[in-house]
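Comments concern the structure below.
The values are calculated or read from the model by the stated rules, or taken from the named source; none is laboratory data. Computed from a predicted structure; not experimentally measured. Don't worry about glycine lacking a Cβ; one is built from the backbone with ideal geometry, like all the others, and counts go over all protein chains shown. When the accessible area is computed, the model is the full protein with side chains, heavy atoms only, and any ligands, DNA or RNA have been set aside. Shrake-Rupley method; radii C 1.70, N 1.55, O 1.52, S 1.80 Å.
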Amino acid sequence: MDNAPPPRDRLVATDQRHLIHSLHHAADHANPKLYVSGQGAMLRTADGREYIDGLSSLWNVNIGHGRHELAAAAAAQMQTLAYASAYAGFTNEPAIRLAERIVGLAYDNMAAVYFTTAGAEANESAFKFARYHWKRLGQPNKVKIISRRYGYHGVTLAAMSATSLPNYHKMFGPLVPEFLQVAPPYPYRWAGNDDPGIGAADAVEQAILAEGADTVAAIIAEPVIGSGGVIVPPPTYFPRLREICDRHHVLLIADEVITGFGRTGAWFGLGHWNTKPDLMSFAKGVTSGYLPLGGVVISRHMQDVMLDAPADEKFMHAATYSGHPVCCAVGLANIDIIDREGMVERAQVQGDRFRANLQTLRTLPTVGEVRGIGMLAAVELVTDKAAKTPAKGIGARIVAEAANRGLILRLRAAADGPPPSGDTLCLAPPLPTPEATLDRIVQIIADAIQAVT
């Protein structure tokens, strides 16, 4: 008799011996889900189970799984030109065409794109763009970067220093100097008596004044704080922040890694508040995760400063895979699908319906707030609704119970803040997720919460 373990078990055992995962801890990886296929909003594992992909995997599979058009675009480009350097002096057609397409979809003050392979690298590049800009203008002391608590901007060293979630810092400190955090526009947890949008924007101005405007290069802000709990700002926040940045000559970096390419019901998130950034970082949804790609879009004013540089002040920033032709070809095909199938508009309409259904969860005693925009949503848990007492520790159990019932969620664990917050269930289904599947997500969450609590 053959007593060899089945292929799934052999693969997992090999994984546990030889593969290091993001956020790695052996206990968390004792019984991993081994994904083998995906279609639409569904993922399938090697043991035959099917799961609703309630987070678009990592906020990135915007058009859903299994779109053969993207595989065809990659294959066609590989057969023609798989790779060539895109350093200055060299270029390729897919990179040119995708840069033009993104600039055309972005804010009307945007001018040019630098491509990266991921969101963290895009934000690292944005920080360098900001410092380069001020050095070119004869202000070399403008180097500090302001971010907001609960913000997430990646975990490479400078991006981690802008990320204000302490669990990412503990084993990798010290942080890069010249990064500082201020209060987030978090309406549910706002402690002041003023408008939380105005108050949080004014916290940025107070930081600029305390540090000295002549030392602050930029503030980086997600239009909607994503991994930190899907925190949607009040409508007063970004217009006020833009005015403060203009007054103190501080650049505004919009981190649209999660909010870009239709996720919020607009091509890019700041459009909801009629605000234009100076720089915009993107990744994730640009290829719907089918290949790694990210980038930074800079404003016309910043491009003019760059184009006017003498040879000894050239932009000495580079990456081997910047402008990778295959990744850019897939990005073009992905944007074509989003546009042709009306997914941006669908994200708004179906997102409103989805979040209205999620609001029914507020009848449960442990649900403090349901919030979101477009196809982004979160459910924050409490132990006392009236006092908004943060629930701690039950979120992980709810996520596990939801998985047992066929739904993949993401947890933002409770944090001491400031402000303190409860365990939060985060959701970002693929943009074309069918209504019946969205309804099923709500039912599974309700059942999981009741089973655990």
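Each residue of the range 320-328 was assigned a 3J(HN,Hα) from its phi angle through the Karplus curve 6.51 cos²θ - 1.76 cosθ + 1.60 (θ = phi - 60°); the sequence is 4, 9, 5, x, 4, x, 5, 4, 5 Hz, with glycine and proline shown as x. Could you tell me which residue out of LEU291, LEU307, HIS317 lies farthest along the dipole of the range 199-326 toward its positive end? Charges go on the beta carbon: Lys and Arg +1, Asp and Glu -1, centred on the Cα centre. Of the candidates, LEU291 comes out farthest on the positive side.
Under 25 Å of direct C-alpha separation, and excluding same-chain neighbours fewer than eight residues apart, LYS314 reaches these lysines: LYS128, LYS135, LYS142, LYS144. Each Lys and Arg contributes +1 and each Asp and Glu -1, all at the Cβ; summed about the Cα centre of the range 323-387, the dipole is approximately 200 debye.
Counting each pair of different Cα atoms once, what's the Kirkwood radius of the chain in Å, rounded to one decimal?
Details: mean 1/r = 0.0438 Å⁻¹.
Computed over the chain, the radius equals 22.8 Å.
Taking amide H atoms as placed 1.01 Å from N in the peptide plane, the amide H of ALA112 lies under 5 Å from those of ILE298, each 5 or more residues away in sequence or on another chain.
Judged by the mean number of other Cβ atoms found within 10 Å, the most tightly packed of the peptides 91-101, 433-443 leads the ranking 91-101, 433-443.
Taken about its Cα centre, the range 76-172 carries a charge dipole of about 560 debye when Lys and Arg each add +1 at the Cβ and Asp and Glu each add -1 at the Cβ.
Please name whichever of ALA213, TYR51, ALA118 sits farthest to the positive end of the charge dipole of the chain, dipole taken about the Cα centre and charges placed at Cβ: Lys and Arg +1, Asp and Glu -1. Projecting each Cα onto the dipole axis, the largest value belongs to TYR51.
Comparing ASN334, VAL143, ALA356 along the charge dipole axis of the chain, the residue lying farthest to the positive side is ALA356, per the Cβ-charge model. For the chain, the solvent-accessible area with a 1.4 angstrom probe is 43 square angstrom per residue. The base-10 log of I(q)/I(0) for the range 271-412, evaluated at q = 0.10, 0.21 Å⁻¹, reads -0.60, -1.32 [Debye formula, identical scatterers on Cα atoms, solvent excluded]. Highest average first, the peptides 177-185, 143-151 ordered by how many other beta carbon atoms sit within 10 Å of their residues are 143-151, 177-185.
Taken about its Cα centre, the chain carries a charge dipole of about 560 debye when Lys and Arg each add +1 at the Cβ and Asp and Glu each add -1 at the Cβ.
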